[in-house]
Amino acid sequence: MLLIQFLVVLAAIIIGARLGGIGLGVMGGVGLLILTFVFGLQPTTPPVDVMLMIAAVISAASCMQAAGGLEYMVKLAERILRKNPSRVTILSPIVTYLFTFVAGTGHIAYSVLPVIAEVARETRIRPERPLGIAVIASQQAITASPISAATVALLGLLSGAHFSLFDILKISVPATLAGVLVGAFCSLKVGKELMDDPEYQRRLKEGTVENTAVETTEIPCMWKARWSVALFLIATFLIVLFGSIESLRPTFLVNGESVRLGMPAIIEIVMLSVAALILLVTRIDGIQAAKGSIYSAGMQAVIAIFGIAWMGDTFINGNLAQLTGSIEHIVQEMPWLFGVALFVMSILLYSQAATVRAVMPLGLALGISPALLVALFPAVNGYFFIPNYPTVVAAINFDRTGTTRIGKYVLNHSFMMPGMVATIVSIVVGMLLIQVLL
């Protein structure tokens with residue numbers, strides 16, 4: 001019976017991932033329907049707090065995008081890269097990492113990737129080198145950003161274990177940064193030099209490599225863009241501050257006991273407030289914010305977590321005794337195996353946040369310590385493994401030299417080496433850090 005239920009869950013995930021968009025979430029609903037009405041499992045409570053936190057963050061990020069904030073950040077990235085073209089392989093992943101860390105979404109990478117490809121080509125550096133690790137860095141930064149959907153989801157799960165946002169960040173930030181930097185240095189010698197690459201030479205002979213410069217989008221109103229970025233950065237700083245120093249949070253008297261305001265409510269209040277401030281200060285139409293790419297992608301993430309996490313929680317809760325009894329001993333002896341499970345599920349789910357909400361509860365049920373779960377957190381970045389994620393496809397298309405590509409055997413693509421190196425190093429560094437810092 002357990003195996004059949006697991007196959008139902010797996011089928012819902014695979015079909016949902018293929019449908020794309022909100023398909024993952026709604027197929028989670030179908031899986032939940034079968035688990036409830038066919039197998040008689042009692043549905044658990046939907047992950048409401050996680051969805052509301054993500055919705056609040058997406059609202060603020062969407063307002064910043066509507067005000068031109070993201071375009072302004074891209075302009076800054078272009079300036080940095082063009083001033084240091086020979087260091088593009090090292091600087092590119094740092095730029096995409098920092099931008100994703102600040103914005104809480106990897107979608108900002110779309111605007112930076114063509115600049116990276118152009119700077120590399122102009123400097124006669126193989127574009128595959130900076131592009132591959134830049135895409136990976138934008139993914140790794142999701143598991144370090146204090147306002148990303150994945151971090152918010154993990155915080156929601158670990159808050160009951162008295163694990164704060166700062167506890168997560170002081171492990172995930174240095175660990176993922178180390179992974180990205182090692183991946184960048186490993187990328188310095190990937191493939192042949194650009195002028196020796198046969199595909200590039202073929203394109204040069206056929207005249208398919210254009211010499212036109214890539215131009216970033218013009219910002220209609222610079223002061224609005226700057227204000228939106230400044231307000232968003234202040235909100236991010238406040239969330240980290242409240243998450244780091246509990247005494248700053250308001251306390252309330254509930255049934256005679258002093259109760260401190262939780263981080264989910266803090267994130268929701270701060271991000272909704274800054275979204276309103278951006279709209280009021282920059283006089284941007286709220287409807288315009290809802291039409292941006294960040295809002296669309298964010299709402300898809302909310303629906304995905306709604307359906308998949310609810311289905312996953314129901315499956316785990318309904319079969320907890322069997323699941324823990326069969327694999328508890330193995331996982332406790334080799335806890336890194338749970339990291340492999342996270343990695344594999346992230347390949348199927350195409351979402352760090354959905355992977356956290358679907359799989360991390362099982363780790364807690366198996367008795368894995370919250371600190372170790374944080375160290376294994378970067379394992380949810382496995383969706384580069386199959387090269388069909390949007391940022392991966394975008395990087396391939398932006399490289400007009402043809403060096404960034406999917407290999408003959410599909411899995412030997414331009415993102416495999418930097419992705420595996422960054423993920424493994426991040427996990428290893430994280431496991432070392434929890435021994436020292438926690």
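Data table
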| item | result |
| --- | --- |
| Packing rank of 57-66, 392-401, where each peptide gets the mean count of other beta carbons within 10 Å, highest leading | 57-66, 392-401 |
| For segment 78-136, radius of gyration divided by Kirkwood radius, i.e. Rg to Rh on alpha-carbons | 0.94 |
| Carbon/sulfur fraction of accessible area - segment 37-76, other protein chains in place, 1.4 Å, % | 63 |
| Length added when fully stretched, MET1-LYS291, from 0.36 nm per residue minus Cα-Cα | 99.9 nm |
| Average accessible surface area per residue within segment 355-438, 1.4 Å rolling probe, Å² | 36 |
| Residues of type lysines that LYS291 reaches as a straight line, Cα spacing below 28 Å, ignoring anything fewer than 8 places off in the same chain | LYS75, LYS224 |
| Alpha carbon centroid spacing (whole Å) that separates segment 24-65 from segment 150-184 | 22 |
| Distance in nm between pseudo-label sites at ILE386 and GLU333 (7 Å out along the Cβ direction from Cα) | 3.2 |
| Hz values of 3J(HN,Hα) by residue in segment 253-258 - Karplus curve (6.51, -1.76, 1.60), Gly and Pro given as x | 8, 10, 6, x, 10, 7 |
| Burial ranking of peptide ranges 155-161, 264-270 (average Cβ count within 10 Å, highest at the top) | 264-270, 155-161 |
| Nearest-0.05 FRET efficiency for ASN255 and LYS408, computed from C-beta distance (R0 45 Å) | 0.10 |
| Backbone HN-Hα couplings from phi across segment 132-140 [Karplus 6.51/-1.76/1.60, Hz, Gly and Pro as x] | x, 6, 5, 5, 4, 4, 5, 6, 4 |
| Nitroxide proxy distance, nm - points 7 Å out along Cα→Cβ at MET222 and MET195 | 3.8 |
| Fraction of accessible area attributable to carbon and sulfur, segment 341-438 (%, probe 1.4 Å) | 73 |
| Sequence ranges 229-239, 345-355, ranked by mean other-Cβ count within 10 angstrom, highest first | 345-355, 229-239 |
| Descending principal axes extents, the chain, alpha-carbon based, whole Å | 71, 52, 44 |
| Karplus 3J(HN,Hα) series, Hz, for segment 15-20 with 6.51 cos²θ - 1.76 cosθ + 1.60 (x for Gly, Pro) | 5, x, 5, 6, 5, x |
| Nearby aspartates and glutamates by direct alpha-carbon distance to LYS189 (threshold 16 angstrom, same-chain neighbours under 8 apart not counted) | GLU128, ASP197 |
| Angle in degrees between helix 263-282 and the longest Cα principal axis of the chain, rounded to the nearest 10 | 40 |
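The values are calculated or read from the model by the stated rules, or taken from the named source; none is laboratory data. None of these values were measured; they are calculated from a predicted model. When we count neighbours, we look across all protein chains shown, and the Cβ atoms used for this are built from the backbone with ideal geometry, even at glycine. When the accessible area is computed, the model is the full protein with side chains, heavy atoms only, and any ligands, DNA or RNA have been set aside. Shrake-Rupley method; radii C 1.70, N 1.55, O 1.52, S 1.80 Å.
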